[in-house]
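Just below is one structure, and these are the notes that go with it.
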Amino acid sequence: MKVIRLREGKERSLLRQHPWVFAGSVAKGKADPGETVRVEADDGRFLAWAAFSPSSMIRVRAWSFDEAERIDAGFFQRRLQAAVAMRQRLAIQSNGVRLVHGEADGLPGLIVDRYDDILSVQFLSAGTERWKDVIADALLQVTGCQRLFERSDSGVRQMEGLAPAKGWLRGEGSTTVTLQEHAIRLTVDVEEGHKTGYYLDQRENRALFARLVRQLGCKSVLNCYSYTGGFSVAALAGGATEVISVDSSGPALARADAHVLLNGFDPAHHTSMDADVNGTLRQLLKDGRQFDAIVLDPPKFAPSAAHADRASRAYKDINRLGLKLLKPGGLLLTFSCSGGIGAELFHKIVAGAGLDAGVDAYLMQRLEASSDHPTTLCFPEGEYLKGLALLRR
Ligand code: SAH
């Protein structure tokens, strides 16, 4: 077993069961990509069993803080079993569920989403890449699924020195499935969809939106960054009669249109706009339009804290426009999925947008990712999606 020795004082994060060690904290030792290493403090004390990533800034990701534990097929089986058991306790109202959420489930770099009978999986670290076959077999065993599609085509693999990979790892067949999410039906193509296919993290917020649209009697709805129209169909389910989906992805919008029909809603109540959201908001404002409800769910503007400044301005801009386009009494659901923008900062940004727009709003509810995308006490970085439900005064 190869040993990685840390610099003096650099053991603190592992002692607090935080799973990452950055390159600058390593005093000596090296290993192959993904190889299991023993991580020791400066004085030789055991800290963790971990996966080594020679080309990443995050040089070491801990698998276990228990010296007696062995990192083998049984280890992955146990971790996956625990992750799946946790989801069963959540009673999620969908056949689309995140089964493994990386670090939060003790499996750094592994994302597993279950879409009906298909597991869609991202192996994002050298450690998960090295154990891919073991993990794939264990996943089938633990879930009873027979099909596993790999979506390791995310840009973050580059930082690990890994090439993109995409395709069936186990099983084969059609890559499209139908989800029943709360009261709505949605189709997902695990091959062509974003990330693993769909944004499961917004499931509970889409259901909330349907309830609020109904409760508040919202009729006109603008869904910005709509992707395949999850919030749009939710709005129709809530009784909206004029819903506009705006996205820059043509295929996503085609699926949004299909989702309107799939759920039995009148296609005359829905319009898809293949356009940039920022320009569209400005145009709608010029046209003097206003809406009963608006959703702003942009892509990650700040991949890390280093981008927070520019991202803050971008968030402020769309929120300023969104608030202006809201009728008095109207509902705004606004989100940020940037890890680099914390919940407090996001709140401040939106408050600044309100001041600029000359619009005040009641804060109805703070929003976060669905509970199958958990955060843990030891790994606060896992908290990425935050949002606000606002009611214009
Ligand atoms: N709310 C969606 C998920 C949104 S993901 C859901 O519930 O499923 C963000 C979306 O923003 C993606 O579909 C992407 O195509 C779109 N997008 C990114 N930049 C954009 C831009 N400048 N204008 C319009 N859409 C954009």
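Based on DSSP loop calls and a cut-off of at most 13 other Cβ atoms within 10 Å, the longest stretch of the chain free of exposed GluC sites (Glu not before Pro) is what?
Formally, the longest exposed-site-free interval is 193-393.
How high is the relative contact order of the range 244-393? Use alpha-carbon pairs under 8 Å, at least six apart in sequence, and give a whole percent.
Details: 251 pairs, mean separation 33.0, N = 150.
Dividing the mean separation by the residue count of the range 244-393 yields 22 percent.
Please report, to one decimal in angstroms, the Kirkwood hydrodynamic radius of the range 1-91 built from all distinct Cα-Cα pairs.
Details: mean 1/r = 0.0730 Å⁻¹.
It works out to 13.7 Å.
Of Lys132/Lys195; Lys195/Lys286; Lys286/Lys386; Lys28/Lys132; Lys30/Lys132, which sit over 24 Å apart, Cα to Cα?
Lys195/Lys286; Lys286/Lys386; Lys28/Lys132
Give, as a single signed number, the net charge of other residues whose beta carbon lies under 12 Å from the beta carbon of Ile118, with Lys and Arg counted +1 and Asp and Glu -1.
-3
Please work out whether the range 94-145 counts as rounded, prolate or oblate from its C-alpha gyration tensor, where a ≥ b ≥ c are the square roots of the eigenvalues and a/c under 1.5 means rounded, while otherwise a/b larger than b/c means prolate and anything else oblate?
Oblate, since a/c reaches 1.5 and b/c is not below a/b.
Which aspartates and glutamates does Lys348 reach when only Cα atoms under 14 Å apart count, and residues fewer than 8 places away in its own chain are ignored?
By straight Cα distance, Lys348 reaches Asp309, Asp317, Asp356, Asp360.
Using the Cβ atoms and a cut-off under 9 Å, what net charge is assigned to the surroundings of Arg130, where Lys and Arg are +1 and Asp and Glu are -1?
-2
When the expected Rg is taken as 2.2 N^0.38 Å, what fraction or multiple of it is the alpha-carbon Rg of the chain?
Rounded to two decimals, the normalised Rg is 1.05.
What percent do you get for the relative contact order of the chain when only Cα pairs under 8 Å and 6+ apart count?
11 percent
Give me the dipole magnitude in Debye, nearest 20, for the chain about the Cα centre, with unit charges on the beta carbon: positive for Lys and Arg, negative for Asp and Glu.
Approximately 840 debye in magnitude.
What value in Å³ per residue do you get for the convex hull of the alpha-carbon atoms in the range 250-393?
Convex hull volume per residue, Cα atoms: 140 Å³.
How many angstrom separate the Cα center of the range 37-84 from the Cα center of the range 93-137?
Their Cα centres are 17 Å away from one another.
Could you tell me which of rounded, prolate or oblate describes the range 302-386, using a ≥ b ≥ c as the square roots of the eigenvalues of the alpha-carbon gyration tensor, with rounded for a/c under 1.5 and, failing that, prolate when a/b is larger than b/c and oblate otherwise? Present the calculation step by step, with values, prior to reporting the outcome.
Working: a/c = 2.74, a/b = 1.54, b/c = 1.78.
It comes out oblate by the Cα gyration axes.
Whole angstrom only: what separates the Cα centroid of the range 306-351 from the Cα centroid of the range 189-232?
For the range 306-351 versus the range 189-232, the Cα centre distance is 18 Å.
Which net charge results when you count Lys and Arg as +1 and Asp and Glu as -1 among the other residues whose beta-carbon is under 9 Å from that of Val246?
-3
Per-residue HN-Hα couplings for the range 271-288, Karplus 6.51 cos²θ - 1.76 cosθ + 1.60 at θ = phi - 60°, whole Hz, x for Gly and Pro?
Computed from phi, the couplings for the range 271-288 are 10, 9, 10, 7, 7, 6, 5, 4, x, 5, 4, 4, 5, 4, 5, 4, 6, x Hz.
Read-outs: derived from the displayed coordinates by stated rules, not from any lab. A quick note: this is a predicted structure, and the numbers were derived from the prediction, not measured. Cβ atoms come from the backbone with ideal geometry, glycine included; neighbour counts cover every protein chain shown.
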